[in-house]
1. Output the 0 to 90 degree angle, nearest 10, between the alpha-carbon long axis of helix A:8-23 and the longest principal axis computed from the alpha carbons of chain A.
2. What's the local net charge at B:Tyr303, with K and R +1, D and E -1, over the other residues with C-beta under 13 Å away?
3. To the nearest Å, what is the center-to-center distance of segment B:1-72 and segment B:210-237, using C-alpha atoms only?
4. Note down the net charge around B:Ser528, summing +1 for each Lys or Arg and -1 for each Asp or Glu among other residues with Cβ under 12 Å from its Cβ.
5. Stick to Cα atoms and the Kirkwood definition of Rh, then tell me Rg/Rh for segment B:1-47.
6. In what sequence, largest accessible area first, do B:Trp406, B:Trp419, B:Trp427 appear using a 1.4 Å probe?
7. Where both partners of a DSSP beta bridge lie in chain B, what percent of those bridges are antiparallel, to the nearest 5?
8. List the accessible area buried at the contact between A and B, summed over both sides and calculated with a 1.4 Å probe, in Å² to the nearest 100.
Amino acid sequence: MAVLKEKIPELLEEMTKKAELLYQQHILQEGFEELLIEMQGVVEFFFLYHQENNDFPLDEDHMKDIFTEVLSAMEEQDYTLMADLITYDFVDYVKELYDKL
Amino acid sequence: MEKKIYDKNLKALKKKYPKIYKELLAFDAQKRAENIEFKCKLVDTRETEKALVVKKENKEIRLNSKYYPSREAKQWADQFDYQNISVNAIIFGFGNGIFARELLERLDKESVLCIVEPDYHIFCTMIKVIDISDIILNKRVKFYFYQSDKYETLDGIAAFISWANLDTTIRTNHPGYEKVYEDIYNEYQFEVMKIYESVITDVNSLALFSDSAVYNIVHNLQYIKQSNYVNELIGAFPEEYPAVVVSAGPSLMKNVEQLHALKNRAFVLVVDTAVKVMEENKIPYDAIVIIDPTKPAEFLTDYPSCKEKTLFCMLESKMEILQFHTGRKIWLPNCYWLESTYKKHGMAFEKHRIGGSVATMAVDIARIIGFNKIILVGQDLAYLGESTHAGRTNAMGEERGYAPQWIDGIDGYMVRSRWDWIHYLQWFEEFAEMYDGKIMLIDATEGGALIHGSVVMSLAEVIEKYAGEEFSFQEYMEHLPRTFEVNDFEPIAKDMKTLRDDMASLPDKCEKGLEYLKVYQEKGDEISEKEIDEALKKCSVLNYEFATNHGFELIEYGISEILYNKLDKVNHVSEDEKKNKEDTAQMLIDYYQAVKEVSTKITEDFKNVME
């Protein structure tokens, strides 16, 4: 379910903290589920916003690719890669988009 | 390969780790000659630091972040607590050195970083492309290669783990190594856990036995002059002569009668609790082993005919038993004062592999003396029904909370054992593995747990195959001169007097320390930082005097039971510096009071013994 716009900065901070735990090899199953729900919520928000605002510069394929790569890294148990994708791809891209809202 | 970097790293290795240097070159040559497949490479990232990637079974495993390896390493290293005193670290896996560097940066200058690399594959490649000579030569770093020398690695780790730093030592692995080296990693983890368990067992034993041990040491000093020490028996026996270690497991009753056939055909060494069975059944044997400072003396004193047998014992062993015993005493290593004093005067004890039980000590005695066949009898390490020992049930195990566990039995079925026996079982298995090819460990118990690595045989088969030529140990001992019939006793006597005098000076030193800390006792947390600094400064000078006081190890034995719980947090430090100083002051008060109490009692005992 899409998240509210005001919640996005807080969620990005949460995701960054969870990514830090991944770098430290602290792996928690509940943490993964929360992370994926948060990411999905953010992705859905921007997809909906893009539908209502055609000129919003969202690269849907790029967003989907990042999300897929995160899932793939999780399946491979490559937690460092997960942390990299979340911190430097997903969070950085979402911050870019948020500033353009 | 970058030749300059490679040469620099090799030079550093050769200087600090000559053995590793040679093994590495041999490994590299073999790898090239046999074209061994183990691919690892450094790949570009978004920063200057590269990421190490290893190929295993056609799968690539990255050992660093593919984006920012240095940031990853910093975030990884930030998870650990470096505030406490003497924080050491053990890391499984070196990789490209980036994680080790972050740890070194955070550890203080007195800490040790132990790097355990599983094998030479990755290291061999890294030293050709990355300059790690600074890490190699760093005096805080110790490198080990687990597969090359497992026991040296584990001994190295064990050497700096103690009860004081058990929970402040950082124990971790380079991320990804657990995937690349899954089997070795699991084995390594298991072995390190055993080291930790050993420390806990030793501390618990020390706490349990310390009070008796220190008084036994003082009383038993009087027997030194008329005794021998274990090294003097090296080479005493004919080649291929076997040693039989008889323990009091429940299976002993099954085959003990057969030991008659081994009279003068094997060295029959009996542990304290098995003496009763041997004596009551009139089975001939050569010697007894006792180590326990609190063992009830009746195990031997109920059998006057054993008092003349050769007795392998420690200075800490029960004084009533040594008093009862009139035969030849042979000292075993353990007491620091005895070992260091003998070594000082040219009589070094052979290094002993601690196992925690009298049976493991007996097997190690046999090793030290030079036997290449050691036979275990009565070494069940498991329950036989409800029986724990030959002819009796000892409920002490259950009362002490040793929950039963199921393990492999010698006949293919599972048998019920318990935590402390499993600990000894692991010792026997390590012993069998470590000395494979040099010493045959034969289990002729005919029951109980399976000791993996041992040769399982019936006692009848052992007798038929391995009984030695006729040799009388008793006659040998009658002709063996005592240590101080061939060595001068005067220096030892002088050291004993120094020990006595140093001990006698301790109560007054403790009073001095308590006087320095009186200001804290009176003011508590209202003491100013200046006052507490002054008091602690005076105490640190005093503490140095303790450390150089001969016989201080005896005091540590005596106080460990008193202080064990209080000093458990000795290395834990909080962020509040004044609070840390106040905690130190309180610990020192407890410490000086304990040292004073024990040293006063020992000084009194010394007077009686030296007279």
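1. Computed tilt is about 20 degrees.
2. Values: positive: B:Lys276, B:Lys282, B:Lys307, B:Lys309; negative: B:Asp272, B:Glu279, B:Glu280, B:Glu298, B:Asp302, B:Glu308.
Its environment carries a net charge of -2.
3. 52
4. -3
5. Values: Rg = 13.4 Å, Rh = 12.6 Å.
Value, to two decimals: 1.07.
6. On the way: B:Trp406 165, B:Trp419 90, B:Trp427 25 Å².
Highest to lowest solvent-accessible surface, that is B:Trp406, B:Trp419, B:Trp427.
7. Details: 17 of 55 bridges.
Within chain B, antiparallel bridges account for around 30 percent of the total.
8. Values: alone 6290 and 28590 Å², together 33580 Å².
Using a 1.4 Å probe on protein heavy atoms, the buried area is about 1300 Å².
The values are calculated or read from the model by the stated rules, or taken from the named source; none is laboratory data. Keep in mind the model is a prediction, meaning the values are calculated, not measured. Cβ atoms come from the backbone with ideal geometry, glycine included; neighbour counts cover every protein chain shown. For accessibility, only protein heavy atoms count, side chains too; no ligands or nucleic acids. Shrake-Rupley method; radii C 1.70, N 1.55, O 1.52, S 1.80 Å.
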